[in-house]
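Enquirer: Take a look at this one; I'll ask things after.
Each reported figure results from applying straightforward, stated rules to the coordinates on display, with no laboratory input. Just so we're clear, the structure is a prediction, and the values are computed from it rather than from any experiment. Cβ placement follows ideal geometry from the backbone for every residue including glycine, while neighbour counts extend to all protein chains displayed.
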Amino acid sequence: LTDTYTLANGVEIPVVGFGTWQTPDGDVAYQSTLDALAAGYRHIDTAAIYGNEESIGRAIKDANIARQDLFVTSKLWNTEHTYDKAKQALEDSLARLQLDYLDLYLIHWPNPLQFRHDWEKANAETWRAMEEAYAAGKIRAIGISNFQPHHFEALLKTAKVVPMVNQLYVNPADLEEDAVAFNNAHNTLTEAYSPLGTGSLLAVPEIEAIAAKYNKSTAQVTLRWSLQHGFLPLPKSTHKERIIANTELFDFELAPEDVAVLDALSGSDPAKQHTDADKTQF
Ligand code: A2P
């Protein structure tokens with residue numbers, strides 16, 4: 001878990017992050033974050049809308065790990081896509097997390113309902129606020145999430161800083177080939193949220209067969225697949241033994257033919273429908 005990718009601006013980012021989408025606020029978020037930090041995770045991914053930043057902040061504080069050894073990401077929610085609101089949203093996330101700076105801050109969605117008539121301008125303004133916070137040292141890297149190429153391209157018209165990260169719903173059942181290719185062409189790291197398909201990939205027979213071959217779990221095979229594609233997986237769990245198991249990814253390597261079997265599952269995931277609906281809005 002000490003392995004890192006290097007972002008376009010030279011910042012090192014641990015190659016596996018602890019996902020916290022759908023982790024309830026309060027004791028569950030607090031304890032699972034403590035468990036993750038004890039298991040060796042140094043990268044925590046949260047968002048304002050997850051509603052668990054305060055509990056995660058308490059866990060980070062109580063774990064007493066040197067701040068420079070941690071990588072903390074949060075995301076700006078859909079209601080905050082103006083210059084002023086974006087600046088305030090960052091301050092609010094920092095306060096809830098009890099941090100002086102974030103390692104990474106992302107625009108959560110490109111086309112929120114609230115700004116649908118004017119999403120391009122709203123993103124440009126939001127990005128300008130994020131660029132300023134980045135220049136001021138409040139964020140070590142800035143990025144986007146759920147951006148399809150046309151959203152990304154629109155942002156580049158006014159961006160001074162190219163997003164260092166684009167966090168996507170990507171897993172063997174949804175390869176997101178166009179978005180990943182666009183990211184790669186811009187030296188933008190692809191982070192993979194729901195790398196287990198929100199759990200929908202855990203009992204897929206093709207993955208079970210590969211898992212048996214390597215004496216690993218389906219979760220571990222799926223996360224290894226993500227790493228071998230050069231993605232940064234963000235597995236979510238609230239169970240200590242799973243949190244630990246999801247880090248045991250560095251003592252095996254999938255053969256190309258097994259990667260190909262997983263790639264061939266693309267298009268089979270019912271859990272991806274929400275992102276597809278979003279993609280077709282424009
Ligand atoms: P739980 O949080 O109850 O442990 P994703 O990261 O794709 O969003 O998937 C998260 C889902 O997968 C959650 O339901 C989580 O359950 C479950 N999960 C995460 N890791 C494992 C694992 N190693 N084995 C089984 N289920 C897992």
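Enquirer: Can we say TYR30 is within 14 Å of the chain's Cα centre (by Cα), more than 13 Å from the ligand (Cβ to nearest atom) and either within 19 Å of ARG67 (Cα to Cα) or of a type outside the set (S, T, N, Q) (or both)?
Expert: Judged against the criteria, TYR30 is not a match.
Enquirer: Only residues that are surrounded by fewer than 16 Cβ atoms within 10 Å (Cβ to Cβ) and more than 8 Å from the ligand (Cβ to nearest atom): list them for segment 229-240, please.
Expert: Within segment 229-240, GLY230, LYS240 qualify.
Enquirer: Here's another thing I want to ask about it. Hey, among the residues in segment 154-171 that are in contact with a helix residue (DSSP H, G or I) (Cβ under 6 Å, 6 or more places away or on another chain) and crowded, with 22+ Cβ neighbours inside 10 Å, which one's nearest to GLU132 (Cα to Cα)?
Expert: ASN166
Enquirer: PHE115 fails exactly one of the following numbered conditions: (1) touching a residue at least 40 places away in the same chain (Cβ under 8 Å); (2) out of contact with any strand residue (DSSP E or B) (no Cβ under 7 Å at 6 or more places or on another chain); (3) surrounded by fewer than 23 Cβ atoms within 10 Å (Cβ to Cβ). What is the number of that condition?
Expert: (1)
Enquirer: What number of residues in segment 28-72 are touching a Gly at 6+ places or on another chain (Cβ under 7 Å) and either in a helix (DSSP H, G or I) or within 21 Å of ALA86 (Cβ to Cβ) (or both)?
Expert: So the answer is 2.
Enquirer: Which condition breaks for ASP174 when tested against (1) farther than 26 Å from LYS85 by Cα; (2) acidic (Asp, Glu); (3) within 16 Å of the ligand (Cβ to nearest atom); (4) out of contact with any helix residue (DSSP H, G or I) (no Cβ under 7 Å at 6 or more places or on another chain)?
Expert: (4)
Enquirer: Something else about it: Report the residue count in segment 196-219 for those that are outside any loop (DSSP other than H, G, I, E, B) and more than 7 Å from the ligand (Cβ to nearest atom).
Expert: Counting residues in segment 196-219 that are outside any loop (DSSP other than H, G, I, E, B) and more than 7 Å from the ligand (Cβ to nearest atom) gives 11.
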